[in-house]
1. Check Asp323, Asp335 and return the single one that is acidic (Asp, Glu), modelled with pLDDT under 95, surrounded by fewer than 24 Cβ atoms within 10 Å (Cβ to Cβ) and at negative phi.
2. Check whether at least one residue in region 193-208 is closer than 17 Å to Leu256 by Cα and modelled with pLDDT of 90 or more, and report yes or no.
3. Being touching a Phe, Trp or Tyr at 6+ places or on another chain (Cβ under 9 Å), at pLDDT below 85 and more than 17 Å from Tyr374 (Cβ to Cβ): is that true of Glu438 here?
4. What number of residues within region 259-295 satisfy the criterion of being open to solvent by 10 Å² or more (accessible area, probe 1.4 Å), assigned to a loop (DSSP other than H, G, I, E, B) and under 26 Å from Val168 (Cα atoms)?
5. If Pro81 satisfies all but one of (1) open to solvent by 70 Å² or more (accessible area, probe 1.4 Å); (2) closer than 29 Å to Arg182 by Cβ; (3) not in a helix (DSSP H, G or I), what's the number of the condition it fails?
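The values are calculated or read from the model by the stated rules, or taken from the named source; none is laboratory data. Everything numeric here is computed off the predicted structure, so don't read it as measured data. Here the Cβ is made from the backbone with ideal geometry for all residues, glycine too, and neighbour counts use every protein chain on show. These accessible areas exclude ligands, DNA and RNA; they are computed on the full protein's heavy atoms, side chains included. Shrake-Rupley method; radii C 1.70, N 1.55, O 1.52, S 1.80 Å.
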Amino acid sequence: MITDNNKISYPMATTDTFLLLHQPPSSPSSTAKRPCPSQNPPTTHNHLNHIDNLLHSFLSLSDSPSLSLHLSLHNLIDSFPSDSDQTALIDRALKMGSMLLEAAKHSSRKRASNHNSLTWPLPPDLTIKVFSMLDTQSLCYASATCSLFNKCAKDSLCYSNLDLTTLVPKVNNSVVSTMIHRAGKALRSLKLGVIPGAATSLGSCPPLAHNISNAIVEASKFSWNDKRSRQGRESPILTRSCLSPLSMDGGAPGALLRKLYLYNIERMDNASLSGALSACPSLLDLEIVGLHVELRLTLMSVSAHCHLIERLFFESSKTGRDDSLKTQTCLELVDNCPHLSSLSLRGFKLHDYKVRVLVKGLQKLKYVDFSTSYSITGSFLRNLGDCSGGNSLEVLILRDCMHLKEVEIGRLLTAILAGDFKLLAHLDISNREGLASEGDWYHRCYKSSIMPLKQILETRPDICLVADYPSEGSYIDSFETDCISDQSLPSQLSFHTSDGSIFLSTSESSYNTDQGSGNEDGQDASHVIYEESSDEIDFLPL
């Protein structure tokens, strides 16, 4: 209020506010050195008490009406005749408000951390053990909870199994590098890339191979421009160097890596993938989906660096276009990777004699999936069930192999009835376009009379046989164009039943013929090198 002497006076709380806003700024020399506790302790103590009292009075204003505070600050500003002084006072008020906000947040976090450390029942070592069981995203959420959890979440054991897969591109090279660096030599599993998240019904076959642009279009509120660096942020797109941290620190992060899953990383190339595999000599499980890498070069890298591998799942990004596989590459894989028990090569242009080299040569092979292969006819199965390579098969999936012949499937089922493939527990010979006839593969077969389905149902009840075919006449003239589209199958088995699906069982069998498969002309594929059908294919970026 204004008195008769034209002097401004304020209530006690407002006076304290005025004093706080006019605290003289401390000089650099005064903040650089802290006074010794023995030097002038009464003065320092009194000074702190004075500030504490002022701050207490200032905070008591929070109970006052908002309008009253506005008017008091407005009157205080108007009391200065100079415009520069008024501006300086406003700046001080803003600065003090910011300082109080940060101090309050810090105090809140400190109290929460102290509370958690007192009430959290587990010691740090057990907390780390619990955190190591979380998925990567949940671990990041936990680390942001309080300083106690943040400290525990930084332990390398919490990052031994990294899952950085997303529905849309959100993870960049920097995130991958940070996570791998935190894991260090404790890294055991790494999943990376973009996985389509469309919901599917039981028995359906959604493609795993996915284009990043499709993922972005399908995701709500996600713009293609988010791929690019904006406002100084790194682009959320993985590049070919995203796996280079596996080789840092002398290769420590990749030395004990057991599982590596890569999904739809469009900028990955063969050189980068080979470099990553060279840093993973202990790799047991490799899954590659939708990468623009060549089958032959990838298998060469696996043969050269991953001698302990037990499972290989490789799905082509472009179904039916990769014809790069060589027979010599198959022989090298058989010789250098004898522990391989699960092999999935989906969407590639394979040939029967090359496939036979793999299936017959890999003695421990139990799981085989050649779904959506563009050239397999099924002749590689001849005389396979009674040999050491094929007789150990437990799962055989030939779903939607466009050249798979009805007569070859009939021979396979007859061999099963004869006692071959004793360990076979699951057989999938379904085809969305029907099986190819013997003379012309454009002529499709939908209800075969030469396939003893009912007999197998009666004699081999322990085999799950999936034989799902469309109704007759559904074949499309543009079939060849559809074959080289981006359609592919998921990694899970489909046990979906329909009117055309039959589920059957196991016992041993073998073809009563000495014929080989494909172009082998009756000779053992492991001793013959054949002419290759095409040269290497270079995949160009889209």
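1. The match here is Asp323.
2. There is no residue in region 193-208 that is closer than 17 Å to Leu256 by Cα and modelled with pLDDT of 90 or more.
3. No.
4. So the answer is 4.
5. Just one mismatch for Pro81, condition (2).
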